[in-house]
Amino acid sequence: TGVQGTFYSLNEFYIADATKDTSKTINRALKEGKHILLTPGIYKLNKPLEVQKENTMIYGMGLASLVAANGNHCMNIADVDGVKICGVLFEAGEKESNTLLQVGDENAGADHSDNPICLSDVYFRVGGGKYAGKVQSCVTIECNNVIGDNLWVWRADHSTNVGWDVNTAPNGIVINGDNVTMYGLFVEHFQEYQTIWNGNGGKLYFYQSEIPYDVPKQKAFKSHNGKVNGYASLKV
């Protein structure tokens, strides 16, 4: 019989248009309790999208892209139940961002085990396109019980706007929340640890990673205060 899904009317969504919409207009819709349908396009955001209400859905079509245009986050998710983000590409801009997707702040501590925050088919890019992107880490997860399903977190190692001192990014993903589960986590070419997993009770099913190919010399890629050659991919 299959799993029964839930029907959501399109009337419950704000249909965003990259040629018209801004952080301000999309945040207004979120504040009004709308889900967001991101139609295909590149959304240049000078402020983060603020997802504050539980069970909010943000669905990207055609790999809709959110670009951090001013050194800001692309999206902040509050410590609430049931938020679902899917089919969205997050891209670093030329001004360095602390992170692109922030899931909860450092005080997050709620138990979301009955209705987790879910990130499905979500992608992150630093360089390799129009922008010589810069970021400290693409994803920062502070909330508990987050589920990730197919996250590709990439610092570009080829194409345009690429170089050790050009598209800079120490870490791909930092997980501080407890009981976080990842199904298919792909993290590539960051300049220090690819993945930092500080939270307890985590589960990781299938991990793919590549160390950066563009390290100019060993001295530029040494961990433990310069005492150890290279960085581990996954630091727990």
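Values for this structure:
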| item | result |
| --- | --- |
| Segment Q52-Q218, length gained on full extension (0.36 nm per residue, minus Cα span) | 55.4 nm |
| Whole-Hz ³J(HN,Hα) from phi, Karplus 6.51 cos²θ - 1.76 cosθ + 1.60, for the range 20-36, glycine and proline x | 10, 7, 10, 3, 5, 6, 6, 5, 4, 5, 5, 5, 7, x, 7, 6, 10 |
| The chain - accessible surface per residue (Å², probe 1.4 Å) | 48 Å² |
| Overall Cα dimensions of the range 114-236 - principal axes, largest extent first, Å | 47, 36, 21 |
| 12 Å cut-off, amide nitrogen to a point 7 angstrom out along D178 Cα→Cβ, residues in the range 104-119 | 109-113 |
| Compactness of the range 113-180 - radius of gyration and Dmax, Cα, Å | 13.9, 44 |
| Accessible carbon and sulfur surface of the range 76-224 relative to its total accessible area, %, 1.4 Å | 47 percent |
| Charge dipole (debye, nearest 20) of the range 1-142; +1 at Cβ of Lys and Arg, -1 at Cβ of Asp and Glu | 700 debye |
| Antiparallel bridges, percent of DSSP beta bridges restricted to the chain (to nearest 5) | 5 percent |
| Translational diffusion of the range 1-130, µm² s⁻¹ [Kirkwood Rh, Cα pairs; Stokes-Einstein; 10 °C; 1.306 mPa s] | 105 µm²/s |
| Exposure rule at most 11 other beta-carbon atoms within 10 Å, DSSP loop trypsin sites (Lys or Arg not before Pro): the chain longest free segment | 21-216 |
| Karplus (6.51, -1.76, 1.60) ³J(HN,Hα), θ = phi - 60°, over the range 131-138, in Hz, Gly and Pro reported as x | 10, 7, x, 9, 7, 7, 8, 6 |
| Once the Cα gyration tensor of the chain is diagonalised, semi-axes √(5λ) in Å | 29, 21, 15 |
| Listed pairs K44/K222; K130/K227; K44/K134; K34/K95; K31/K130; K134/K203 exceeding 25 Å between Cα atoms | K44/K222; K130/K227; K34/K95; K31/K130; K134/K203 |
| Table column - 3J(HN,Hα) (Hz), the range 170-185, Karplus curve with 6.51, -1.76, 1.60, x for Gly and Pro | x, 10, x, 9, 10, 10, 9, x, 8, 6, 8, 10, 10, 10, x, 10 |
| The range 42-125: GluC sites (Glu not before Pro) in DSSP coil with no more than 14 other Cβ atoms inside 10 Å | E54, E96, E106 |
| Length-normalised contact order of the range 1-143 in % [C-alpha pairs under 8 Å, at least 6 apart] | 19 percent |
| Percent of Cα pairs exceeding the 10 Å cut-off, where the set is the range 35-75 | 69 percent |
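The values are calculated or read from the model by the stated rules, or taken from the named source; none is laboratory data. The structure displayed is predicted, hence computed values, not measured ones. Backbone-built Cβ (ideal geometry, glycine too); neighbour counts: all protein chains shown. We work out accessible area using only protein heavy atoms, side chains counted, and drop any ligands, DNA or RNA first. Shrake-Rupley method; radii C 1.70, N 1.55, O 1.52, S 1.80 Å.
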